[in-house]
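The values are calculated or read from the model by the stated rules, or taken from the named source; none is laboratory data. What you are looking at is a predicted structure, and each value in this text was computed from that prediction instead of being measured. With ideal geometry, Cβ positions are generated from the backbone for all residues, glycine too; neighbour counts draw on all protein chains shown. Quick note on the areas: whole protein, heavy atoms, side chains included, nothing else; ligands and nucleic acids left out. Shrake-Rupley method; radii C 1.70, N 1.55, O 1.52, S 1.80 Å.
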Amino acid sequence: MLLQIITMSIFSDNIRFLRAKKMTTQQELADTLIITRSRYVSYEDGRSEPPYDVLITMSKFFHISIDLLLTVNIRKYPLEEMMNLPDNRIVLPIIVDNLGNNSIEIIPQKASMGYLSGYSDPEYIESLQRISLPFLTNGKYRAFPAQGDSMPPFKDGSFIIGKYVEDIEDLKVNKSYVFVTLNDGISYKRFKGQKKKAIEVSADNSFYKPYEIPLSEIVEIWQYASGIFPEDFEPDNFDNYNLKDMFLEIRKDIKELDNKVSNSK
């Protein structure tokens, strides 16, 4: 009940604010919605809830998704200061430091799974720690924790800084990306190609086979831009990865040779 009250309060404040920005009267907006003025005023006052058809019409009129109308305080997070994604599904607050450099939000290691429920919440993003790197400009950047052994030379404790990709058509073959998906959460993979309803990706560690990610599961994509390594990351760690990759390649070659021998018999 409390959540419903808060949601309706945000909604009523938003439509009042957006109507004023469009310099539209209550009667004019009511006419657009094909309802009476008194009925519209009840929405602005928070005394009643609009049905789905009215919400859809409002969404189209203001060019803002229903989700944003109901959950984001647009007075506090002006749309002009946010990066609108396709269909207004998500908003990414664009924040700069006192020198004008882009602030890069850091997703914490221990709370990385919480990103799936907080990525579209400006208050969650606002609560994250930030850094600024002057050489990363002209885009929206975010730092994600590296986990597991599928993404050398990154290891646990490292962070991968990605640049937000607005359109899946912008993906480049053999380039590395952070994929945020509904099932796997945050993963760092190399883009191999696109199919009708999925994309094919692979890990840099050849021990793992390429696989497909359904387009319907993709939440966000960030192109690799830079990395942050822990202080104890020694140079010989790269050698260890190289040796491991060599072993995996040899094992892969032996398996392929066995298959060829078997097929020739």
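Some observations on this one:
- Cβ-Cβ under 8 Å pairs, at least 6 apart or on other chains, segment 161-186 side part of a loop (DSSP other than H, G, I, E, B), far side open to solvent by 70 Å² or more (accessible area, probe 1.4 Å) and of a type in the set (S, T, N, Q): Leu171/Gln194
- Look at (1) modelled with pLDDT under 70; (2) farther than 30 Å from Arg19 by Cβ; (3) crowded, with 16+ Cβ neighbours inside 10 Å and you find that Pro153 fails only one, number (3).
- Hits in segment 125-141 - residues which are exposed (fewer than 15 other Cβ atoms within 10 Å of the Cβ) and under 11 Å from Ile107 (Cβ atoms): Gln129
- Verdict on Tyr115 being assigned by the TED database to the domain that holds Asn174, at pLDDT 80 or above and closer than 29 Å to Pro210 by Cα: yes
- Among residues of segment 39-64 that are of a type in the set (Asp, Glu), those with a Cβ under 8 angstrom from a residue that is modelled with pLDDT of 90 or more, sequence gap 6+ or separate chain, pair up as Glu44/Ser12; Glu44/Ile15; Glu44/Arg16; Glu44/Arg19; Glu44/Gln26; Asp45/Ser12; Glu49/Tyr43.
- Number of positions in segment 51-74 that are farther than 18 Å from Ile35 by Cβ and either outside any helix (DSSP H, G or I) or among the β-branched types (Val, Ile, Thr) (or both): 7
- For segment 33-72, the set of residues classified as open to solvent by less than 60 Å² (accessible area, probe 1.4 Å) and of a type in the set (S, T, N, Q) consists of Ser42, Ser48, Thr57, Ser59, Ser65, listed by residue number.
- For segment 190-213, a tally of residues being open to solvent by 40 Å² or more (accessible area, probe 1.4 Å) and outside any loop (DSSP other than H, G, I, E, B) returns 6.
- Of the listed requirements (1) modelled with pLDDT of 85 or more; (2) of a type in the set (S, T, N, Q); (3) open to solvent by 60 Å² or more (accessible area, probe 1.4 Å); (4) more than 30 Å from Lys76 (Cβ to Cβ), Ser187 misses just one: (3).
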